[in-house]
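The values are calculated or read from the model by the stated rules, or taken from the named source; none is laboratory data. Quick caveat: nothing in here was measured; it's all calculated off a predicted structure. Because the Cβ atoms are built from the backbone with ideal geometry, glycine has one as well, and the counts that use them run over all protein chains shown. These accessible areas exclude ligands, DNA and RNA; they are computed on the full protein's heavy atoms, side chains included. Shrake-Rupley method; radii C 1.70, N 1.55, O 1.52, S 1.80 Å.
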Amino acid sequence: MTTNLEQMKCLFEPQSIALIGASGNPGKIGYNLLSNMVGSGYKGKIYPINPKGGEILGQKVYTSLQEIDGPVDHAVLVIPAKYVFGGVKECAAKGVKVVSIITSGFSEVGNVEEERKIVEYARAHDMRILGPNIFGVHSATAPINATFGPGEIVPGGVAILTQSGALGAAMIGKTKAENIGLSTIVSIGNKADIDEADLLEYLVQSDQTKVIFMYIEGVKNGDRLVKVLKEVTKIKPVIVVKSGRSARGAMAAASHTGSLAGADDVFDAIMKQCGAIRAETVQESLNWCKFLSTNSIPSGEDCVIVTNGGGIGVLAADACEKFNVPLYDDQENLKEVFTPHIPSYGSTKNPVDITGGANSADYERSLHAAFKCEDVHSVICLGCETAMIDVENLPGMIEKIYDQYKDAKPMVFSFFGGEDVENGIIELRQKGVPIFNETYDCVSSLGAMYQNYRNIHAEPDDYKYVDEIKVDEAKINEVVDRVLADDRTFLLAHEASELMAAAGVIMPQSKVASNLEEALNLAQTIGFPVVMKVVSKDIIHKSDAGGVALDLENRDEVIDAWEAIMHSCKKYNANAKITGIEVCEMVKSGIETIIGARQDGSFGPTIMFGLGGIYVEVMKDVSFAALPVTRKEAMTLVESIKSYPLLLGVRGEAKKDIDAVIDTLIRVGKVLTACDKITDIEVNPLVAYEQGQGAKAVDARILLKKN
Ligand code: COA
């Protein structure tokens, strides 16, 4: 079996490439593709294939793959959908390693079976499929342009993976216009086989690629993507734009590339967990790509803003907070560094205000001072056009400063003004200087740089703490199998308690009584007050059926509750088979939290945390992560809800037992990963007590996959 990396090398660095469906008709995609291939400076062998034979664009045309003598690493198929499977079989017979299927008309229009058949056949023959429904792949390493996008691609350090073909093709033109160099652009379309994770494994080890940008519509095999992304982002920045955020957008994505967009908040949280840098727009991501691929990483977290306008300084400071750009705050040092270069009515506080009277020479002096200061690690230089500023000298000054310091410290510029300023910006951008019209864009680029800086310097993932937490997997699977054997896909309360006990999750004491006498004895043993809940597989919503009684203080109340529950449940469903009534310890009040774990359609096992009650229902104040989580990730999950301060204790209340919450989170996650027949777990509420007093899972709802 060929490894994924070897197969991806055949895609990006083939020794030979065939084009099945090469056409002499300039109006056809098969012609444009061949023209791009021939024009790309490729040193390997190009084999155009068309049953008519002859010659196209000076290339000998082969009538079939079998006519070719040597091996073929990569074949591009550009023939109608009904012939694609035949073409794939021919490729397999020839020993082709990777097939790119340009052709549309597969799962994106409901033709799922044909797509599956093609992938299964390819896999069985140790061959990989890119697409279908793609515009192709360009690689600057080969170099080979096997796309039908614009022909001229500027080589550079940005790799673009795009699920949208048309948008990707347009990005070729856009990157050229913005002077952004590409190491590759690859269209993944329906990603029937090769997906982002496969491509990332190649790109992370490719010297040519400095930054990776992914345009995603939907995620398949998300659990593998998570693993690969976590590794890649520790080495290179990965910028992500995902469409299908809204319900309408998700519908459009489904009909575009057959993708299930998935819940956006889950996607967003998991991208953060993996260290991917999520952009709002394609333009924003291209700004970041250009900046990150051509500028040095800072050596520390202290940034200085130099500005001639207080207003834009404040705007930039706001943006720094949003994009996590840390501002240098040593007032004494700032004073010492900048006082010699600014008027007495300026400000040495960060933002450093060199005042509206500043000209380009004043800027230059302050910028030299900033870059020469060892404690400053990055610089944001802002300007407003005033009558005092010599706009004609600005581009030259900026270019000089950029050239002098760009290898030492990252910097971004933003100037706001009239036509001359705008022209200066265009000129500088063409030369590769990171200058923007908008303050927000320049700060967000530096923010992306800092996120990359933090990824690179982050501690390696440590699973030691999590590995030491053990759950009884055999017992968990035994309970689940017993429930499935009873032809149910949900656990009754006492079964859920049994399962949670096997996971070491602390639940209130409880036992099922089959008659009143037993219930009274149980209440006595557990200790008053107690709670009673009906146990019946025919009654799922116990409260609705009047099947729950709370806060029972003594024997008489237990007797009354027994009768009331039996009466109401019979009335609710006369045919319900009642197994008994569960008698449980009445839990003391504390802060109610909620833990959910489920098999997500895109990412596989995921975990959710939130505060219970209205916080989860109304405020949707919840956070998500992909499983398994490290202790640090579990902590981030808890800290990232807005109501986290309630757990820290507000208005004189004591801090809650966050360690116990984290322990439960990890255990619940482990239950889900220990048994793939479980689809959903909801612990609601998990009552958290004061620090040192633990947390108790009052109720657990567990759902299973049908056998
Ligand atoms: N082997 C080799 N050549 C073959 C062949 C085969 N099995 N079957 C057909 N051909 C030749 C045809 O004879 C034709 O050559 P010609 O121009 O010399 O006659 C060429 O391949 C193309 O076939 P044709 O039937 O003319 O198809 P087409 O060019 O009109 O359309 C596609 C083919 C793939 C472009 C079209 O089906 C399609 O899917 N278009 C959408 C592509 C797209 O948008 N992809 C997503 C981008 S993001």
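Output the Kirkwood hydrodynamic radius of the stretch 1-41, Cα pairs only, in Å rounded to one decimal.
Averaging 1/r across every pair of different Cα atoms and inverting gives 11.7 Å.
Not counting ligands, DNA or RNA, and with a 1.4 Å probe, what is Val226's accessible surface area in Å² rounded to the nearest 10?
Result for Val226: roughly 10 Å² accessible.
How high is the relative contact order of the stretch 529-617? Use alpha-carbon pairs under 8 Å, at least six apart in sequence, and give a whole percent.
Once normalised by length, the contact order is 30 percent.
Quickly rank 339-348, 147-156 as a protection proxy: mean count of other C-beta atoms within 10 Å, highest first.
147-156, 339-348
Starting from the Cα coordinates of the stretch 85-204, work out the convex hull volume and express it per residue in Å³.
So the per-residue hull volume is 98 Å³.
Just how much of Asp659 is accessible, in Å², when a 1.4 Å probe is used and the result is rounded to the nearest 10?
Number for this one is 80 Å².
Note down the relative contact order for the chain as a percent, whole number, built from C-alpha pairs under 8 angstrom at least six residues apart.
9 percent.
Over the stretch 383-536, what is the mean sequence separation of C-alpha contacts under 8 Å (at least six apart), divided by residue count, expressed as relative contact order in percent?
This gives 15 percent for the stretch 383-536.
Let me have the 222 nm mean residue ellipticity of the chain computed from DSSP H runs of 4+ only, each contributing -39500 (n - 2.57), with the sum over all residues rounded to the nearest 500.
It lands at -12000 deg cm²/dmol.
Classify the stretch 522-608 from the C-alpha gyration tensor, please: rounded if a/c falls under 1.5, else prolate or oblate depending on whether a/b exceeds b/c.
Because a/c hits 1.5 or more and a/b fails to exceed b/c, the stretch 522-608 counts as oblate.
With each pseudo-label sitting 7 Å past Cα toward Cβ, what's the Glu639-Leu550 distance in nm, one decimal?
That separation, rounded to one decimal, is 3.4 nm.
Just grab the label-to-label distance for Leu703 and Thr386, each label 7 Å out from Cα along the Cβ direction, in nm (one decimal).
Output for this residue pair reads 6.3 nm.
Calculate, in nm to one decimal, what Lys475 and Asp330 gain on full extension: separation in residues at 0.36 nm each, minus their alpha carbon distance.
Computed gain between Lys475 and Asp330 is 46.4 nm.
Work out the charge dipole of the stretch 259-387 with +1 on the Cβ of Lys and Arg and -1 on the Cβ of Asp and Glu about the Cα centre, then indicate which of Ser296, Ala263, Cys320 is farthest towards its positive end.
After comparing all options, I get Ser296.
Among the trypsin sites (Lys or Arg not before Pro) in the stretch 319-350, which ones are in a DSSP loop with at most 16 other Cβ atoms within 10 Å of the Cβ? Mind listing them?
Of the trypsin sites (Lys or Arg not before Pro), the ones in loops of the stretch 319-350 whose Cβ has at most 16 other Cβ atoms within 10 Å are Lys349.
For Asp198, Asp330, give the ranking by accessible area with the largest first, probe 1.4 Å.
I get Asp330, Asp198, largest accessible area first.
Compute the convex hull volume of the Cα atoms of the chain, divide it by the residue count, and report the result per residue in Å³ as a whole number.
Here the figure is 191 Å³ per residue.
Mind jotting down the distance between the C-alpha centroids of the stretch 297-357 and the stretch 1-29, whole Å?
Each part's Cα centre sits 52 Å from the other's.
Can you give the charge dipole size of the chain about its Cα centre, rounded to the nearest 20 debye, using +1 on the beta carbon of Lys and Arg and -1 on the beta carbon of Asp and Glu?
2080
Please turn the phi angles of the stretch 485-490 into ³J(HN,Hα) values with the Karplus equation 6.51 cos²θ - 1.76 cosθ + 1.60 (θ = phi - 60°), one per residue in order, whole Hz, x for glycine and proline.
Working through the residues one at a time gives 5, 8, 6, 10, 10, 9 Hz.
Applying 1/(1 + (r/R0)^6) with R0 = 22 Å to the Cβ-Cβ distance of Ala361 and Val314, what FRET efficiency is obtained, to the nearest 0.05?
Efficiency for this residue pair is about 0.30.
Explain nothing, just compute: Karplus ³J(HN,Hα) = 6.51 cos²θ - 1.76 cosθ + 1.60, θ = phi - 60°, for every residue of the stretch 458-475 in order, whole Hz, x for Gly and Pro.
Karplus-based 3J(HN,Hα) across the stretch 458-475 equals 5, 4, x, 4, 10, 9, 4, 4, 5, 5, 6, 7, 9, 10, 7, 4, 4, 5 Hz.
List the extent of the Cα atoms of the stretch 1-146 along each of their three principal axes, largest first, rounded to whole Å.
Here the spans come out as 38, 32, 27 Å, largest first.
Equivalent ellipsoid semi-axes for the stretch 260-364, as square roots of 5 times the alpha carbon gyration tensor eigenvalues: give them largest first, rounded to whole Å.
One finds semi-axes of 35, 15, 14 Å for the stretch 260-364.
Please list, ordered by chain and number, the residues whose modelled amide H lies under 5 Å from the amide H of Ala18; skip anything fewer than 5 residues away on the same chain.
Under 5 Å from the amide H of Ala18 lie the amide H atoms of Tyr47, His74, Ala75, Val76, each far enough along the sequence or on another chain.
In this model, which of Lys475/Lys537; Lys191/Lys632; Lys577/Lys620; Lys210/Lys400; Lys290/Lys322 are farther than 29 Å apart at the alpha-carbon?
Lys191/Lys632; Lys577/Lys620
D for the stretch 569-634, whole µm²/s, Stokes-Einstein with Kirkwood Rh over alpha-carbon pairs at 20 °C and 1.002 mPa s: what number?
140
What translational D, rounded to a whole number of µm²/s, comes out for the stretch 268-311 from Stokes-Einstein when the hydrodynamic radius is the Kirkwood one over Cα pairs, at 4 °C and 1.567 mPa s?
97
Across the stretch 343-358, in residue order, what do the Karplus-derived ³J(HN,Hα) couplings come to in whole Hz, using 6.51 cos²θ - 1.76 cosθ + 1.60 with θ = phi - 60° and x for Gly and Pro?
Using θ = phi - 60°, the values come out as x, 4, 8, x, 10, 8, 5, 8, x, 7, 9, 8, 6, x, x, 6 Hz.
Beyond 21 Å, what share of the Cα-Cα pairs of the stretch 593-707 is found? Please give it as a whole percent.
Roughly 32 percent, once rounded to a whole number.
What FRET efficiency comes out for Glu120 versus Ile68 if R0 is 22 angstrom and r is the Cβ-Cβ distance? Round to the nearest 0.05.
0.30
In the chain, with Lys and Arg counted as +1 and Asp and Glu as -1 at Cβ, which of these residues, Ile702, Tyr465, Val512, has the Cα nearest the positive end of the dipole, that is, farthest along it?
The listed residue farthest towards the positive side: Ile702.
Which far-off residues, 5 or more places away or on another chain, put their amide H under 5 Å from the one on Leu704, with H placed in the peptide plane?
Amide H neighbours of Leu704, under 5 Å, 5+ apart: Phe490, Thr679.
Could you check the spin-label model distance between Asp486 and Glu422? Points 7 Å from the Cα along Cα→Cβ, value in nm.
In this crude spin-label approximation the distance works out to 7.2 nm.
Would you please give the FRET efficiency between Thr3 and Asn521, computed as 1/(1 + (r/R0)^6) with r the Cβ-Cβ distance and R0 = 51 Å, to the nearest 0.05?
It comes out at approximately 0.20.
Near Lys43, which lysines are there with a Cα under 20 Å away, not counting those fewer than 8 places off in the same chain?
Leaving aside lysines fewer than 8 places away in the same chain, those within reach of Lys43 are Lys9, Lys60, Lys97.
Under the 0.36 nm per residue contour assumption, what length would be gained going from the current alpha-carbon distance of Ile235 and Tyr463 to full extension?
Here the segment from Ile235 to Tyr463 would lengthen by 80.1 nm.
First compute the accessible area of the chain with a 1.4 Å probe, then give the percent of it belonging to carbon and sulfur atoms.
Summing carbon and sulfur atoms, their accessible area is 51 percent of the total for the chain.
Run through the stretch 387-447 and list the trypsin sites (Lys or Arg not before Pro) located in a DSSP loop whose Cβ has at most 14 other Cβ atoms within 10 Å.
Lys431
At a 1.4 Å probe radius, which order do Asp461, Asp265 fall into by accessible area, largest first?
Largest accessible area first, the list is Asp265, Asp461.
Give the long-range amide H neighbours of Ile277: residues separated by 5 or more places, or on another chain, with amide H under 5 Å away, using H modelled in the peptide plane at 1.01 Å from N.
Amide H to amide H, under 5 Å and 5 or more residues apart or across chains, Ile277 pairs with Val238, Ile239, Val240.
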